[in-house]
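First comes the structure, then the notes that go with it.
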Amino acid sequence: MNRSRRTLDRIGGPYAITWTAFWVTYALNLVTHFAGNPGLDAPVLTRLVLVTLSQVAIWLVLLAGRALFLRGVAERPRPFMTLLLFALAGIVRGFVIGVGLVYVGADSSPQFAYRGLAGLFTISTVLTVTAIAVNATREHESRLSTLLASNAALREARSQMTAVIDERNEAAVERIRAELLKEFEALDPEHPAESVSILQRAASDTVRPLSHDLASTVPSWSPTGTVPVSPAINWPLVFDLASRGRPLRPLATGIAMALISFVFVTVFFGPAAGLLLTADALFGCWILLAAGNALLARVLPGRPIQARIIAVTVVGLGAGAIVGFGAFALAQGSVTGQWTWFGSTVITGAMAWLLTIGRAVDEQQGFDEASLAAAVGSLRWEVARVGQVQWHQQQALSRALHGPIQSAVTAAAIRLDGAARSGADTTSLMEQTRDQLREALSLLGDEQASLTTMTGTLTSLREAWRGVCRVDDTASPAVIDALDADELCRSCVGEVLTEAVSNAVRHGGATVIDLTIELGDNVVHIEVRDDGTGGDANASPGLGTRILTECSTQWHRGATGGGHVLTASLPIAR
């Protein structure tokens, strides 16, 4: 997004009309009223009441406009509608001041044209600058809060997942042991045929389903969802950021001051002098604040925040005082000249600060978000790595059940069946069988069946689908070596590829699949391209989706010109 678009979005954003804007506008409303109406015959208290009433009118217009026309601006900013509301509020302010002054006898005419135009240029400019500054600050803090919430959620996920892995595996092992021991205790030497049936049933109806159940029901834990926040502005931090380096925005401040002063100086000093004083406001602020930036760049470093804030304020007020001196001199020191000088000084200082805040937040935003995004990325890597541990350990239990345990049960059934058929005494064999099966179960929790190499996994995939689908793979020796050195990642990569190929063939009717594995910075990038239809897009997420969600840092699946592609990045230890 370019700077102009971002500025417009901030003008029309969700924080354009806030209490911060109310008080800033109120303060400058007071200054512009007294500076723009010198010599009025009305008590100061009366004029304060009139300004307060005009401020209430401004806010009623803005609140009504927000309720009617600015709904949903958080999703879709409406800068031009917001600017129209600002303009209308400024005009209404002028009308209220004019009517009020006539009512209290301080002026013979409401001067609607002058006061309406003055309100249009001054109040709408102040509201616009304030909206930019407040939206920039709120936007920055909202993004930081979101990133911090993600950071905290990922830390919680990592902590929770790490804490429950052993507990879940122990629970799974105990459940399996309990079910199988119950079957084994039912073995009866007096009824060898029934014992053989028990063992055969245990192998086919208990061990095998449990192994598949373990493989397909990997325990998962999701971090707590975060709720969008509306953070309060951290003003000490904002002013700290806004008083570093070259903080001021000379051109933007000059434009704002030219808009604010244009109507007033034209009415009071005439068109020619008014044009000269408007140019003085524009170019004077631009040049003086640019020089002030150069000075501040030398003065601010190493100073405490209070000193830096004072320095920036003095430069802003000083530039306004020098620019306003032109009107003072032109008015030959009259009351009009004095109030113009005062107004130029105060309003320039205020505009300089408001615009400086927006600039400072913009500069800091990129740095803060990049730092937090890097931290979030690192945590995502760790959480996915913990997910790999879960999958690997759960798959190890599944393989142990499917391999050694099932083999032990099947072999015991065969031996017992042979003894029973031969008419031999099965009592001692039965006890021996029980002991062997108990021993096999006792090793279940420590079982770490060796996994095939990455090359073996790719070869198995090609052979498994030979005659049905052509599976080609591309993987450099470096990535093969890295995966062979990381059993966790290799296990998960194998599962992802197996599921991806199976789904592409079974659900998408693929006939050609290309697998690409590349090594990145602490991650392995996988790409699976096929010529299939992709299957049912509305189907419920399956095992492949779960392993991708739990064991990858990011993944994507979508259609291509001639088929479908799956990409994923999985953490790897290097």
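Here are a few things to note about the model shown:
- Unmet criterion (only one of (1) in contact (Cβ under 8 Å) with a residue 40 or more places away in the chain; (2) in a helix (DSSP H, G or I)) for residue 67: (1)
- Cross-chain or 6+ apart pairs with Cβ under 7 Å, the stretch 29-44 first and more than 18 Å from residue 269 (Cβ to Cβ), then of a type in the set (Ser, Thr, Tyr) and crowded, with 20+ Cβ neighbours inside 10 Å: 29/54
- Selection of the stretch 14-39 for residues being surrounded by 15 or more Cβ atoms within 10 Å (Cβ to Cβ) and in a loop (DSSP other than H, G, I, E, B) yields 14, 15, 16, 17, 18, 37, 38.
- Within the set 463, 431, the sole residue that is modelled with pLDDT of 70 or more and either closer than 30 Å to residue 509 by Cβ or hydroxyl-bearing (Ser, Thr, Tyr) (or both) turns out to be 463.
- Residue list for the stretch 92-137, restricted to those being under 21 Å from residue 261 (Cβ atoms) and without any contact (Cβ under 8 Å) to a residue 12 or more places away in the chain: 113
- Filter result (β-branched (Val, Ile, Thr) and over 16 Å from residue 115 (Cα atoms)) within the stretch 53-82: 56, 61, 73, 82
- Helices (runs of 4 or more DSSP H) contained entirely in the stretch 231-350, each with at least 2 residues that are more than 29 Å from residue 7 (Cα to Cα) and at pLDDT below 85: 250-269, 305-330
- The set of residues from the stretch 484-502 being part of a helix (DSSP H, G or I) and out of contact with any Leu (no Cβ under 9 Å at 6 or more places or on another chain) comprises 484, 488, 502.
- Qualifying residue in the stretch 319-342 (condition: over 35 Å from the mean Cα position of the chain (by Cα), surrounded by fewer than 23 Cβ atoms within 10 Å (Cβ to Cβ) and within 24 Å of residue 131 (Cα to Cα)): no
- Qualifying residue in the stretch 547-558 (condition: at pLDDT 75 or above, of a type in the set (Asp, Glu) and out of contact with any Cys (no Cβ under 7 Å at 6 or more places or on another chain)): yes
The values are calculated or read from the model by the stated rules, or taken from the named source; none is laboratory data. Note that this is a predicted model, so its numbers are computed, not measured. Neighbour counts are summed over all protein chains in view; Cβ atoms, including those assigned to glycine, are modelled from backbone coordinates with ideal geometry.
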